[in-house]
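The values are calculated or read from the model by the stated rules, or taken from the named source; none is laboratory data. Model, not experiment: these values are computed from the prediction. Reconstructed Cβ throughout: ideal geometry from the backbone, glycine too, with neighbour counts over all protein chains shown. The area values use the complete protein model at the heavy-atom level, side chains included, leaving out ligands, DNA and RNA. Shrake-Rupley method; radii C 1.70, N 1.55, O 1.52, S 1.80 Å.
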Amino acid sequence: MLEQMTMEQTILDAAREVFETMIFMDIESAGSEPQETSPEGAALMGSITFRGGLEGCLTICLSEACARSIAANMLGMDSGDQLSLSEVGDAVGEVANMTMGSIKHRIQNTYNDLQVSIPTVVSGRQLFPMPGEDFTRGQVCTTLDEIFPVTFSMYYKQAQS
Amino acid sequence: MSKSLMIVDDSATMRKIIMKTVRMSGLEFDRTEEAGNGAEALEKLKSAAVDIVLCDINMPEMNGVEFVKQARQMDCSKNTKIIMVSTESGQDLIDNLISSGANGYITKPFTPERFQEKLTPFMN
């Protein structure tokens, strides 16, 4: 199975590809310690599951303000203030979807049979994923445009044959 | 020559993003349609055929693979160019889609240049 550090670098590379190509925001590793919950205040969490030789889920956790900024950039708008929470959630789901697609592409030499679900997004406060037991966690804490913290977490385990 | 475009994706936000990116590519369409899944797209094609369809793969109700197969069996869409737009990038899947009747493939994340490259051959 992929080493945790390799997976974390893969997640960061995939996130960079997505944010630089379609969202036009700078994303940098924050290098901070793993976090258990989402940012303070209103937050969104996008998640997407996968199965095959490797199974688990990828989550992206961010504040609502950050999500609005991402959605506005994706849609070519000056501000995300006018967007509905549904539209903002849609954008977060697409970020999760595209990041997982890029990860899948990057690890296809090792796992070429991954099937990915349709993304789901929840909004609220104190959000955190509950992946179950026996999963390895690869977590990347990043900063968008030097302002917004965004956490990518990947919970994964080798599928039982 | 006037051209028409349909964007098929279950995410309304992604449909807007694709439309924005198509505009940024410099390509112009006289008529644009949207559909939230393959079944809705087929119904719209029966009402009014389009020249080019940009279609996601992973969608509820009817996915992009099934959409391509059924669209190719309908007279109204036999000449429609269908370009898949998806995060899926496995060569086997792409080969399967092309053999089913898809005319091209664009991987997410995408750029305006990628749309220009893939759609321009079908604009004349």
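Key figures
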| item | result |
| --- | --- |
| Accessible carbon and sulfur surface of the protein assembly as shown relative to its total accessible area, %, 1.4 Å | 44 percent |
| Stretch in chain B that is longest and holds no GluC sites (Glu not before Pro) that DSSP places in a loop and that have at most 13 other beta carbons within 10 Å | B:62-124 |
| 5 angstrom amide H check on B:I106, placed H, neighbours 5+ away | B:M84, B:V85, B:S86 |
| R0 of 45 Å, Cβ-Cβ distance B:Q116-A:V122: FRET efficiency to nearest 0.05 | 0.75 |
| Three-way shape label, the stretch A:1-113, alpha-carbon gyration tensor, a/c 1.5 | prolate |
| Net charge of Cβ neighbours under 12 Å - reference A:H105; Lys, Arg +1; Asp, Glu -1 | 0 |
| Average accessible surface area per residue within the stretch B:39-111, 1.4 Å rolling probe, Å² | 42 Å² |
| Among A:T136, A:T151, A:T49, residue whose mean-square fluctuation peaks in a GNM of chain A (springs only between Cα atoms under 10 Å) | A:T136 |
| Share of Cα-Cα pairs in the protein assembly as shown lying beyond 26 Å, as whole percent | 43 percent |
| Longest to shortest principal axis, alpha-carbon extents of the stretch B:4-122, angstrom | 33, 32, 27 |
| Buried solvent-accessible surface, both chains (B, A), 1.4 Å probe, Å² to nearest 100 | 1700 Å² |
| Descending semi-axes in Å of the stretch B:1-70, equivalent ellipsoid built from Cα gyration tensor | 20, 15, 9 |
| Å² of accessible area per residue within the stretch A:1-150, as computed with a 1.4 Å probe and no ligands counted | 47 Å² |
